[in-house]
Amino acid sequence: MTGVIERIDAPLSSAAVIGGALRGLMRSPSAEPVLPTRALRREARLEAGAVADYARLCGFAPEQGVPLIWPHILAFPLQMRIMLATDFPFPVLGLVHVHNRIRQRARLNIDDRLTLTVRAGRLLAHDKGQAFSLETVVERDGQPVWDGESVYLRPGRPGRGDPAPVLSGTEAGRLVEDWSAPADLGRRYARVSGDANPIHTSAIGARLFGFRRAIAHGMWTKARAVAALSPPHPLERAEVETAFRAPLFLPGQAGLYAGPPADMRDFEVRDAEGARVHLRGRLTLSPKDTPSC
């Protein structure tokens, strides 16, 4: 990572989030957007209580250990700080999380002390607007143990940059689980993740952004799928890539479909009829972690 690194200790207040979001709406759009080059860094400990609350809501069993997705939750406040800053070229309100890739390089353990560094990545061309990436690196004792990339879309005219990532060619033909997503899922997930976007937590907030009712967090949907497809023990190494396709309205029903067990396994989350795809993904496990069913 390049650029100035700023250390962050204090959490974002609700007032700071609201103020930053409103300032972004008043920002004049730039014909040539430029992403900031500085990086934000924080220290974090894998706290048993917080991990357990998140794991329980997302369907992870205690014996699965620290969920593969959890460092993304720890990094999310840094992502928000970058997107709410005055030098960020896009307003945070209206951004759409369209793609996410996570890679775990070593087993994570409760009480691990981690260093998280987040920076804006690159502008990406998308046919529905301007996309960009945010990149996260997680270190333990100076060694990288986890990294991730989140791609967000600012809807509008087709964007510029490298092509936005596309996840295709999935072979997810077998129904693995049926899910029921309750009406309060967005509020419950906001409490364990810190992501209180009103499109997930409020029917009124969702309607303001064109949704007929609140929708599930895409990262909850991703985590729920990973929990179902992972073995009943902590992962040593893994990678999961997902494309967020269509909203899952709350309350709602969905099904998890997956290909045959293998080191690399495709999956999809579809609606109750199995026709509309909410999320498409690919989970890659180390050979010793590959489940047999």
Matching residues in segment 129-143 - criterion: being touching a residue at least 24 places away in the same chain (Cβ under 8 Å) and touching a strand residue (DSSP E or B) at 6+ places or on another chain (Cβ under 6 Å): Gly129, Gln130, Ala131, Phe132, Leu134, Glu135, Thr136, Val137, Val138, Glu139, Arg140
Going residue by residue through segment 113-123, is there one that turns out to be under 24 Å from Gly210 (Cβ atoms) and in contact with a Gly (Cβ under 8 Å, 6 or more places away or on another chain)? no
First in segment 271-288 and among the β-branched types (Val, Ile, Thr), second anywhere and surrounded by 17 or more Cβ atoms within 10 Å (Cβ to Cβ) and part of a strand (DSSP E or B), Cβ under 7 Å, 6 or more apart: Val277/Glu268; Val277/Arg270; Thr284/Ala238; Thr284/Glu239
Every pair of residues 6+ apart whose Cβ atoms lie under 6 Å, when the first sits in segment 172-194 and is closer than 18 Å to Val226 by Cα and in the same structural domain as Leu46 (by TED's automatic domain parsing) while the second is part of a strand (DSSP E or B) and of a type in the set (Val, Ile, Thr): none
Determine whether segment 71-83 contains at least one residue that is at pLDDT 95 or above and over 21 Å from Pro198 (Cα atoms). yes
The listed residue being out of contact with any helix residue (DSSP H, G or I) (no Cβ under 7 Å at 6 or more places or on another chain) and of a type outside the set (Ser, Thr, Tyr), out of Pro155, Pro198: Pro155
When both residues are 6+ apart or on different chains and their Cβ atoms are under 9 Å apart, which pairs have a first residue that lies in segment 152-168 and is more than 19 Å from Ile82 (Cβ to Cβ), and a second that is of a type outside the set (A, V, I, L, M) and outside any strand (DSSP E or B)? Pro155/Gly94; Pro155/Lys128; Gly156/Pro29; Gly156/Lys128; Pro158/Asp127; Pro158/Lys128; Arg160/Glu32; Arg160/Pro33
When you look at Ile102, is it in a helix (DSSP H, G or I), under 30 Å from Val34 (Cβ atoms) and not aromatic (Phe, Trp, Tyr), yes or no? no
Please tell me if Arg188 is among the basic types (Lys, Arg), at pLDDT 95 or above and farther than 24 Å from Gln104 by Cβ. yes
Of all residues making up segment 204-227, the number that are surrounded by 17 or more Cβ atoms within 10 Å (Cβ to Cβ) and in a helix (DSSP H, G or I): 11
For segment 33-47, name all the residues that are in a strand (DSSP E or B) and hydrophobic (A, V, I, L, M, F, W, C). Ala39, Leu40, Ala44
Of the conditions (1) among the β-branched types (Val, Ile, Thr); (2) part of a loop (DSSP other than H, G, I, E, B); (3) within 27 Å of Leu248 (Cβ to Cβ), Ile73 clears all except one; give me its number. (2)
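The values are calculated or read from the model by the stated rules, or taken from the named source; none is laboratory data. Just so you know, these numbers come straight off a predicted model, no measurement behind them. Neighbour counts run over all protein chains shown; Cβ positions are idealised from the backbone, glycine included.
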